[in-house]
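For reference, the structure is listed below as structure tokens.
Please treat every number below as a calculation from the coordinates, not as lab data. Values in this document were obtained by computation on a predicted structure and should not be read as measured data. Here the Cβ is made from the backbone with ideal geometry for all residues, glycine too, and neighbour counts use every protein chain on show.
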Amino acid sequence: MPRGRSRLLPAVIGVLCAFTIVAGLIVAGLLPHRLALWRPPSIAASRLTSPAPVLRPASGVAPGAQGVTAAGVSQALAPVVSSSAFGSSFGVLVTSLATGQVLYASNASSGFTPASTNKLATAAAALRVLGPAARLTTKVVQGAATGSIVLVGGGDPTLAAGPPPPTDYPQPATLADLARSTAQSLRARGVHQVQLGYDTSLYAGPGFAPGWTSGYVTSGNVTEITPLEVDQGRVTPAGTPVDANAGGARSTDPAPQAAAAFAGFLAGDGIAVTGSPVQVVAPARAATIAQVQSPPLAQIVFWMLEQSNNVIAENLARQVAIATGRPASFSGAADAVTAVLRGLGVTGELQLYDGSGLSPDDKIAPATLVQIVRLASASPRLSPMLTGLPVEGFSGTLGPGGSVFGPGGSDALGVVRAKTGNLNQVAALAGSAYAKNGQLLAFAVMADQISAAPGALNRAATEMVTLANVLAGCGCH
């Protein structure tokens with residue numbers, strides 16, 4: 001460095017230091033005087049204050065508020081439960097969620113067609129047996145013949161063909177990813193051409209439950225239940241898979257459709273598929289070539305409950321059957337879900353023929369649904385069932401335009417979480433509501449002989465939301 005610069009540098013640094021000190025003194029003079037008393041943090045010698053309660057007492061009643069009473073609930077609900085919109089077969093139960101105290105009951109132990117409130121039973125059983133973190137696997141294994149591979153359905157009801165829209169939640173596993181991994185593995189072995197089989201042997205029995213009609217498929221409510229399908233059987237008019245959330249028609253034969261889509265993805269990744277995919281049973285203990293896994297069960301339950309998704313419900317019921325050593329059929333799944341709930345202490349009327357509630361033969365009592373809601377509130381393992389419920393005025397089938405369950409009033413907005421259910425002449429609603437005093441109430445309301453007149457179902461369903469709104473808005477003491 002030149003000698004002139006070496007002499008100049010200390011002078012410059014000195015000027016900068018002086019400027020910084022002066023600026024600091026000026027700023028300090030501008031600050032409030034109390035900041036001059038600032039001291040570094042230290043641990044107090046004694047407690048400075050007592051913490052306020054974070055949670056409400058076990059009763060659920062806010063401090064200083066009066067508790068909900070049976071007389072208060074009866075008086076508040078009287079104008080709603082007397083509505084002719086419910087028809088001649090109507091039941092309702094309201095309890096304290098915390099204590100189980102019955103606050104209102106009418107035909108609460110009688111069995112009614114539950115429609116999609118049946119999904120509460122399926123959700124609770126699946127979470128109990130499988131756990132919230134469980135994932136379902138779709139895999140490709142080595143086939144029996146040289147040069148053959150088998151796509152094995154694992155009962156993942158969220159499996160998609162190609163990448164779904166980024167806004168979809170949860171993001172599912174895809175056949176595109178599975179094909180990419182499969183092609184990578186095959187090319188590493190020097191394989192560039194295969195025969196493709198697909199295996200649906202995980203499930204047994206018919207693909208339709210007792211009471212189901214072919215109209216369920218054409219209307220887009222459900223598809224044949226199989227352990228291998230993509231986008232829940234949703235198809236374009238041309239018959240190709242489309243995002244499951246897009247709505248519209250469903251495939252009448254989803255497993256071959258999934259296999260054909262997989263063959264197309266393999267070809268795109270450089271693996272030629274000779275001939276058409278054929279249905280086979282994979283060899284026992286066949287080597288796995290590649291696999292993909294579903295989102296965690298907690299997220300799948302959220303999807304099922306918020307959208308009232310029938311395909312997901314039926315697959316989860318079968319997973320309960322498999323986990324408990326029963327046949328993965330409609331009857332095996334119904335028996336498994338029932339057995340799990342009985343083991344949890346559910347004692348009410350519970351007669352199931354499917355996992356979704358599409359069967360008009362299903363029977364559940366309001367008291368049974370309330371028992372399931374209360375079980376979920378007391379068990380962290382089952383809690384995704386409650387957090388996944390539609391929220392009045394905001395989400396799912398209780399959101400604006402989400403279903404026939406119209407708006408019930410401002411008091412329920414954001415504080416009623418409930419599962420909706422409806423079939424022809426059937427409506428049901430079960431979940432929880434915050435009363436104005438902060439008390440959590442569990443409720444179920446069911447009607448299965450609603451008038452067939454135009455608009456009657458919508459009126460009954462809206463009255464059920466009104467009932468929940470009354471519970472949320474009343475002091476009821």
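The table below lists the values:
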read-out: Summed side-chain charge close to residue 392 - residues other than residue 392 whose Cβ falls under 11 Å, Lys, Arg +1, Asp, Glu -1; value: 0
read-out: Viscosity 1.306 mPa s, temperature 10 °C, Stokes-Einstein D of the stretch 354-477 from Kirkwood C-alpha radius, µm²/s; value: 108
read-out: Net charge contributed by nearby residues that have their C-beta within less than 12 Å of residue 371 (K/R +1, D/E -1); value: +1
read-out: Entry for P(r) over Cα pairs in 10 Å bins from 0, in percent (calculated from the structure that is shown) out of (i) 4, 18, 24, 18, 11, 8, 7, 6, 3, 1, 0; (ii) 4, 18, 28, 25, 15, 7, 3, 1, 0; (iii) 4, 14, 18, 17, 15, 12, 9, 6, 3, 1, 0, 0; value: (i)
read-out: Cβ-based net charge around residue 182, under 12 Å, with every Lys or Arg adding one and every Asp or Glu removing one; value: +2
read-out: For the chain, calculated [θ]222 nm from helices alone, where every DSSP H run of n ≥ 4 adds -39500 (n - 2.57); value: -10500 deg cm²/dmol
read-out: Estimated vicinal HN-Hα couplings, Hz - the stretch 153-168 in sequence order (Karplus 6.51, -1.76, 1.60; Gly, Pro = x); value: x, x, x, 7, x, 9, 4, 10, 6, x, x, x, x, x, 7, 5
read-out: Leading residue at positive end of dipole, the stretch 365-477 (Cβ point charges), from 427, 441, 397; value: 441
read-out: Dipole of the stretch 137-295, positive direction: furthest Cα of 164, 176, 146, with charges on the beta-carbon; value: 146
read-out: Under Karplus coefficients 6.51, -1.76 and 1.60, residue-wise ³J(HN,Hα) of the stretch 201-207 in Hz, glycine/proline x; value: 6, 4, 9, 10, x, x, x
read-out: Leading residue at positive end of dipole, the chain (Cβ point charges), from 380, 238, 321; value: 380
read-out: q = 0.13, 0.15, 0.16 Å⁻¹: log10 I(q)/I(0) that the Debye formula gives for the stretch 137-295, counting C-alpha atoms only; value: -0.58, -0.76, -0.86
read-out: ³J(HN,Hα) computed for each position of the stretch 324-332 - Karplus, 6.51 cos²θ - 1.76 cosθ + 1.60, integer Hz, glycine/proline x; value: 9, x, 10, x, 8, 10, 4, 5, x
read-out: Amide H partners (placed H, <5 Å) of residue 436, local residues excluded; value: 474
